[in-house]
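First up is the structure itself, then whatever we jot down about it.
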Amino acid sequence: RSLKRQLGHSDQQKFNEYFDSIRTIETQVDRLERMKGELKKVKLAEPAEAHLPRGEYIRLMGDLMVVALQSGLTNVATLMVGPERWDTPYLFESLFEKPRSHHGMSHNQGKYIDDLLKVDRFHVAQFAYLIEKMANIEEANGSSLLDNTIFTYGSGLGDGATHQYSALPIVVAGSGGGKLITGKHLNLSETSGPVPKKKGKIINLKQGQPLANLWLTQANVLGLKLNRFAESTGTLSGLLA
């Protein structure tokens, strides 16, 4: 409180905003802990894992990440929604009446394509929630936390059924301090049509830009003087401002 009294009006607002974020996270954690306690009271065989609301869990982890970036605890963060090969059912609140396995649905796309699209939109909605949260956090120079961040959303698989990693859909939000172009669609894959198979094995097509080119581009923008990263073949000039 003594520090707060020494701050100007603008800094006091940021001070309050930060601690409001902390309190919101504490409230979310308390709610999930109470929910776990209630689940234990039910006189049924306990499942292998408590099915907590998936969206609330992702937003809670995302809120922690945003606060860590906002407060300077770290400048780099990773939020893994789930391993790419995980059969654990999730409770996708507002989508389905009972927990569903995303992995299981991805291997029967003919039957579950509509449900898979719902899950895709569900995950993108969580990403949008965090983007909006970061965009509303003003930094010292009047820009937002999102303006000064590179926030990448995507997956290592282009098709969950075949496990091929061509034609990956990737979204990059934030301009890294004005160094990246935003609001632009880049088609960096020449792959088209079904992925060919040979003796039951997947042939991953080599056309287009490797994902490593995106990571190399972002590393250079962040000041790392790297000439190569993993299987990179160059940087993505179309992404640079």
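The values are calculated or read from the model by the stated rules, or taken from the named source; none is laboratory data. Computed from a predicted structure; not experimentally measured. With ideal geometry, Cβ positions are generated from the backbone for all residues, glycine too; neighbour counts draw on all protein chains shown.
Data for the structure
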{"read-out": "Pair list, Cβ < 7 Å and 6+ apart or interchain, from region 214-241 residues that are surrounded by fewer than 17 Cβ atoms within 10 Å (Cβ to Cβ) to residues that are modelled with pLDDT of 95 or more and among the acidic types (Asp, Glu)", "value": "none"}
{"read-out": "Test: residue in region 71-86 that is part of a loop (DSSP other than H, G, I, E, B), of a type outside the set (A, V, I, L, M, F, W, C) and buried (at least 18 other Cβ atoms within 10 Å of the Cβ)", "value": "no"}
{"read-out": "Residue within region 151-161 that is closer than 29 Å to residue 71 by Cβ, without any contact (Cβ under 8 Å) to a residue 12 or more places away in the chain and hydroxyl-bearing (Ser, Thr, Tyr) present", "value": "no"}
{"read-out": "Among the residues listed as 63, 11, 87, 30, the single one being modelled with pLDDT of 75 or more, closer than 17 Å to residue 145 by Cα and among the charged types (D, E, K, R)", "value": "63"}
{"read-out": "Residue check, residue 92 surrounded by 19 or more Cβ atoms within 10 Å (Cβ to Cβ), under 23 Å from residue 214 (Cα atoms), among the aromatic types (Phe, Trp, Tyr) and modelled with pLDDT of 90 or more", "value": "no"}
{"read-out": "Boolean, residue 117 is loosely packed, with under 12 Cβ neighbours inside 10 Å and out of contact with any strand residue (DSSP E or B) (no Cβ under 6 Å at 6 or more places or on another chain)", "value": "yes"}
